[in-house]
1. With θ set to phi - 60° and the Karplus curve 6.51 cos²θ - 1.76 cosθ + 1.60, what are the ³J(HN,Hα) couplings of region 28-33 in order, to the nearest whole Hz, using x for Gly and Pro?
2. Can you compute the equivalent ellipsoid semi-axes for region 186-253, i.e. the square root of 5 times each eigenvalue of the Cα gyration tensor, sorted largest first and rounded to whole Å?
3. For the chain, what is the percent of antiparallel DSSP beta bridges, rounded to the nearest 5?
4. If you line up the long axis of helix 177-187 against the longest principal axis of the chain, both from Cα atoms, how many degrees apart are they, to the nearest 10?
5. What is the distance, in nm, between label points placed 7 Å from the Cα along the Cα-to-Cβ direction at Lys70 and at Glu133?
6. Tell me the mean residue ellipticity at 222 nm calculated for the chain from its helices only (DSSP H runs of n ≥ 4, each -39500 (n - 2.57), averaged over every residue, nearest 500).
7. By how many degrees, 0 to 90 and rounded to 10, does the Cα axis of helix 270-282 deviate from the longest principal axis of the chain?
8. Give, in nm to one decimal, the length gained when the segment between Val431 and Ser310 is fully stretched (0.36 nm per residue of separation minus the Cα-Cα distance).
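Since every read-out is calculated from the coordinates, none of them should be taken as a lab result. Predicted model only: the values in this text are computed from it and were never measured. Quick reminder, even Gly has a Cβ in these numbers, built from the backbone with ideal geometry, and neighbours come from all protein chains shown.
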Amino acid sequence: MSSFIINGGKILNGKVAVSGAKNSALKIMAASILGSSKVILENIPDIEDVNTMVQVLKTLDAEVKFDRGKNILEINSSAIDSYEAPYELVRKMRASVLVAGPLLSRFGRVKVAVPGGCNIGARQIDLHLKGFEALGASNSIEHGYVISSAGKNTKGCAGTGAHRLTGANINLDFPSRGATENLMMAAVLAKGETTINNAAREAEIIDLADFLISMGADISGVGTDCIKIRGVKKLAGTKYRIMPDSIEAGTFVVAAALCGGIVEIADAIWKNLEIFCLKIKETGIDINRTSDNTIIIKKTAKKLKPVYISTLPYPGFPTDLQPVIAVLLSTAPGISIITENVFENRFMYVEELNRMGANIKIDGHHAVINGVDRLSGAPVKAFDLRAGAAMVLAGLAAEGVTEVYDIYHINRGYERFEKKLGSLGADIKLVNQTDMNV
């Protein structure tokens, strides 16, 4: 077990660059299954979730090479002859379920374990399965596995007869990002045209579509709630650069708001962060952009202002940044209210933050935050990826020493988090259990 030990109260200054987007990289890695030749991906973050997806692809018999120093990943899926994603890998990371769409499209059949990942809500895959059914697949759940098939045989080919999915009109009950991505990947090799109504609109959806288009897919309407996919018979390999991670950028925005100084964040795409940044501005933080991809944060107000926040699917306030902004609001005098509309268990971090002196009460899917003068260092636990980042930020702002445990959650989604914060002046150290026992 490893932990972060943070000596709080340091002023952050300087420049930090954002890594490639986790939520984009994982889906594009899954989509590489559809290619008939080598795919080269640039700006891939060196994080645990990427390592897990690499293992998923290797289990399917893809050839994978990861140059961690250059953040370049090469994937050759031409030799894949398996359509099963095993439980021991899928349980680690929910995004593994997104190999289902590409495998179903390519082989006409897929067997994938019911997914795991962060314990922040049910996040059922019903919408994925209903979409597969609309495309002509039959679904069953057996012994913890989801099995979808477009034909009677165990293997098929997307371009031949009974095993090829058929385009359809799909109406999503909720603009699920995962369902939109999985169905888009399933439909690119289907016969005819598919329309996904009430589709998710996040930037990661656009990134995935642009990648598929670079392979030869025919997709339009991305970025709107109606995506059209005209099936093609074959997709080729490609070279593609992953977009920067807006959630990581938002995390550094809050770190700077809590502890700046003046902090410049490079590779932070403003249009993907605008709703979030405008809400940060309401608290009294000075945020400016020097270009479309650079944000500068200055903490000018001595006392922050409370705000109301309601999370919603894009273009609403992002649920993934809800825990980190809660840390900022816990130091803003007055009453702030956060309403969580996406994941029912997103407030699991609150008890840990209250142990550090915050005053937060949960009422259903609302968090009522009564701002305090200061936070105090304490031993705390990272319950999930974004909650873990929130605990680190709380430690940066707190008086005294904070130790954050279970940081494997953080390592799932943040590349060299402690080193990036340290480059800005944070006093944060990674401690391995073996080091503590010496």
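1. Here the 3J(HN,Hα) series is 6, 4, 4, 5, 4, 4 Hz.
2. Sorted largest first and rounded, they come to 25, 16, 7 Å.
3. 70 percent
4. 20 degrees
5. For Lys70 paired with Glu133, the spin-label model returns 4.7 nm.
6. Here the helix-only value at 222 nm equals -9000 deg cm²/dmol.
7. Tilt relative to the chain: about 30 degrees.
8. Using 0.36 nm per residue and subtracting the Cα-Cα distance, I get 39.9 nm.
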